[in-house]
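**Student:** The structure's right below; bear with me while I get my questions together.
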Amino acid sequence: MIEQILNEVSRWAIPFLFFLFLLVGWLRRIPVYEAFIQGAAEGFQIAVRIIPYLVAMFVAIKVFRASGAMDLFVQLFSPVLGVIGFPPDVLPLAVMRPLSGSSALGLAIELIQNHGPDSFIGRLASVMQGTTDTTFFVLTVYFGAVGIKRYRHAVHLGLLADLTGLFLSLFICHLMFS
């Protein structure tokens, strides 16, 4: 019963919000269509402005993986990871997650296909996907969009949050699935 209710709420949530925004705009006498067009035009200008940042980030990620640096990184840290119960196969996902969501998702899918969705590695990859964020992508897109150039503390805090999510994912997965 509750599952059916949640399914219906999920199904109608976006259309409800869409019409709620239109209704509130109409009640406030805001020209909704014109505001939408203006916002879309600004969004397009922002997208054009951040393309160089995105290209630079994606090239750096590709070079890091294609050069073999990722494999070397995994080999170097495998002994330390074994001590804390972190599967070395998951390290590329942990490294890529702050950089690129699509790369991290591809790695998570690969881990799940190779080890199975109910394996410890599959579960850890899934939990990591939900508890960490694409810190550098967020900083590149959002900070680049508004022209923020000095974001040193945001990088530190974002990476600290990712590291916290990573270790809590490991802890929770060991607690729940080991």
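Values quoted throughout were computed directly from the atomic coordinates according to the rules given, and no laboratory measurement underlies them. Note that the structure is a prediction, hence the values are computed from the model and not measured. Cβ sites come from the backbone with ideal geometry, for glycine too, and all protein chains shown count toward neighbours.
**Student:** Within the stretch 90-178, list the chymotrypsin sites (Phe, Trp or Tyr not before Pro) lying in a DSSP loop whose Cβ has at most 15 other Cβ atoms in a 10 Å radius.
**Tutor:** Working: sites: PHE120, PHE136, PHE137, TYR142, PHE143, TYR151, PHE167, PHE171, PHE177; in loops: TYR151.
Of the chymotrypsin sites (Phe, Trp or Tyr not before Pro), the ones in loops of the stretch 90-178 whose Cβ has at most 15 other Cβ atoms within 10 Å are TYR151.
**Student:** Separate question: Can you tell me the dipole magnitude for the stretch 105-178 around its Cα centre, using point charges on the Cβ only (Lys, Arg +1; Asp, Glu -1), in Debye to the nearest 20?
**Tutor:** Dipole of the stretch 105-178, to the nearest 20 debye: 380 debye.
**Student:** Compute the whole-percent fraction of alpha carbon pairs in the chain spaced more than 23 Å apart.
**Tutor:** Values: 9211 of 15753 pairs.
Everything past 23 Å amounts to 58 percent.
**Student:** Each label point is 7 Å from the Cα along the Cα-to-Cβ direction; what then is the distance between the points at TYR33 and ALA66, in nm?
**Tutor:** 4.7
**Student:** Sticking with this structure for a sec: Where Lys and Arg each count +1 and Asp and Glu each count -1, what net charge lies around LEU99 among other residues with Cβ under 15 Å from its Cβ?
**Tutor:** +1
**Student:** Roughly what percent of Cα-Cα pairs across the stretch 1-99 reach past 17 Å?
**Tutor:** Values: 3558 of 4851 pairs.
The answer is 73 percent, as a whole percent.
**Student:** Do you know the relative contact order of the stretch 45-177, to the nearest whole percent, from alpha carbon pairs under 8 angstrom that are 6+ apart?
**Tutor:** Working: 118 pairs, mean separation 35.8, N = 133.
Over the stretch 45-177, the number comes to 27 percent.
**Student:** Hey, got a sec? Which trypsin sites (Lys or Arg not before Pro) in the stretch 77-178 land in a DSSP loop and have at most 15 other Cβ atoms within 10 Å?
**Tutor:** Loop-located and lightly packed - LYS149, ARG150.
**Student:** Sort MET128, MET176, MET70 by Cβ crowding within 10 Å, fewest neighbours at the top. Spell out each step's value before the answer.
**Tutor:** Numbers: MET128 24, MET176 9, MET70 17.
Going from sparsest to densest Cβ surroundings: MET176, MET70, MET128.
**Student:** Moving to a separate point now. With a cut-off of at most 13 other beta carbons within 10 Å, and DSSP calling the residue loop, which trypsin sites (Lys or Arg not before Pro) in the stretch 1-103 qualify? Please list them.
**Tutor:** On the way: sites: ARG11, ARG28, ARG29, ARG49, LYS62, ARG65; in loops: ARG28, ARG29.
Loop-located and lightly packed - ARG28, ARG29.
**Student:** Which helices, counted as full DSSP H runs in the chain, have an axial Cα extent of no less than 24 Å and a Kyte-Doolittle average of -0.5 or above? Present the calculation step by step, with values, prior to reporting the outcome.
**Tutor:** Working: long enough: 2-27 (34 Å, 1.33); 32-66 (47 Å, 1.17); 152-177 (37 Å, 1.37).
Membrane-span-like by this rule: 2-27, 32-66, 152-177.
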